[in-house]
Amino acid sequence: ERLARQAVGQSLAAIDAAIRAARSEARHASMPLDLAMLRDQLRLTPDPAEDALLWRHAVHEAGHAVVVAALHLGTIERMSISRQGGEVARRPSLVPGLLGDLENDLCLHLAGRAAEALILGEVSAGSGGSAASDLAQATTLALAIETTLGLGSSGLLWLDAPQTHLLTEPSLQRRISARLTAAEARAQTILSTHKAALIGLAEEVLAQRSLRAEDVLPWVHAVQSAAARGTDTQPEGACP
């Protein structure tokens, strides 16, 4: 079971190949197949650098989850981390698309980065990268607020131009950057308020590698209850 958790993120083909290789190794050595052989073939030998990376991924994803809970942004269906990164899968709440709703989404996109800064003291490049990254999605949303949704400082304006072209305009760049900076600061304020839950959830996903909806729900309730009381707490029975 522990080995299965450690292998979260590896493809079925890679796991199947590792099992076959471990069986072959055992057969050629005239030894029974054991977990150590499987662990070696899965490349899961202890590595302090990998442990630090997984902890960063856990903190990052826990940051997203805590903000989902604090701002009531839907239902978390699954959380997972691996050496390649992490994921918080959620079913979003239905909202009318007001400016406040969009600002909540900006806060959520940047919550992983804010959690890294708060807990680890330094952010990684994990929030950026591809067009599917947190930073790319946040930038696209902030740009839409200003240029196509009629909710920005330009008022009733709809600009039909490629994103890369629009972002070359200096004053628009400044407005987008200001929105993103404010969203990240708001996320860090929320996470500071719920720091104990943030760390506890990060430790849980680090230990389990994959959490289902029912595993995350106690943490969601803890954050929402604490928000209602104006305190920070963890689920009943959780380790401090």
Seminar exercise, completed: So the angle from the long Cα axis of helix 99-109 to the longest Cα principal axis of the chain, reported in degrees to the nearest 10, equals 30
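Provide Rg over Rh for the stretch 168-226; use the alpha carbon set for both Rg and the Kirkwood Rh (inverse mean inverse pair distance).
Numbers: Rg = 16.5 Å, Rh = 13.7 Å.
When Rh is taken as the Kirkwood radius, the ratio is 1.20.
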Exercise. How many nm separate the modelled label positions at ASP101 and THR140, each set 7 Å beyond the Cα in the direction of the Cβ?
Worked result: 1.8
Exercise. With the other protein chains left in place, how much accessible area per residue, in square angstrom, belongs to the chain at a 1.4 angstrom probe?
Worked result: 54
Exercise. At SER153 and ARG27, where each label point lies 7 Å from the Cα along Cα→Cβ, what is the point-to-point distance in nanometres?
Worked result: 6.9
Exercise. To the nearest 10 square angstrom, how much accessible area does SER153 have with a 1.4 angstrom probe?
Worked result: 80
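What does the charge add up to near GLU184, with Lys and Arg as +1, Asp and Glu as -1, over the other residues with Cβ less than 15 Å from its Cβ? Mind showing how you got there, number by number?
On the way: positive: ARG113, ARG179, ARG186; negative: GLU103, ASP105, GLU116, GLU122, ASP134.
Here the charged neighbours net out to -2.
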Exercise. What's the extension gain from ALA49 to SER130 if we count 0.36 nm per residue and subtract their Cα-Cα distance?
Worked result: 26.8 nm
Exercise. Which FRET efficiency value, to the nearest 0.05, do you get for ASP34 and LEU94 by plugging their Cβ-Cβ distance into 1/(1 + (r/R0)^6) with R0 = 45 Å?
Worked result: 0.30
Problem set entry | Inter-probe distance in nm under a simple model that places probes 7 Å from Cα toward Cβ, at ILE15 and THR75 | 2.5
Seminar exercise, completed: Per GNM of the chain with C-alpha springs under 10 angstrom, the most fluctuating residue out of ALA117, ALA18, ALA196 is ALA18
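How large, in percent, is the carbon and sulfur part of the accessible surface of the chain at a probe radius of 1.4 Å?
So the carbon and sulfur contribution to the accessible surface is 56 percent.
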For this session: Could you state the angle between the C-alpha long axis of helix 213-229 and the longest principal axis of the C-alpha atoms of the chain, as a value from 0 to 90 degrees rounded to the nearest 10?
Result: 40
Exercise. Placing +1 at every Lys and Arg Cβ and -1 at every Asp and Glu Cβ, with all other atoms neutral, what dipole size does the chain have around its Cα centre, in debye to the nearest 20?
Worked result: 200
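To the nearest 0.05, how large is the calculated FRET efficiency for THR164 and ARG229 if R₀ is 30 Å and r is the Cβ-Cβ distance? Could you put the intermediate results ahead of the total?
Numbers: r = 46 Å, r/R0 = 1.54.
Efficiency for this residue pair is about 0.05.
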For this session: Can you tell me the 0 to 90 degree angle between the C-alpha axis of helix 48-70 and the longest principal axis of the chain, rounded to 10?
Result: 40
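The values are calculated or read from the model by the stated rules, or taken from the named source; none is laboratory data. Just so you know, these numbers come straight off a predicted model, no measurement behind them. Here the Cβ is made from the backbone with ideal geometry for all residues, glycine too, and neighbour counts use every protein chain on show. We work out accessible area using only protein heavy atoms, side chains counted, and drop any ligands, DNA or RNA first. Shrake-Rupley method; radii C 1.70, N 1.55, O 1.52, S 1.80 Å.
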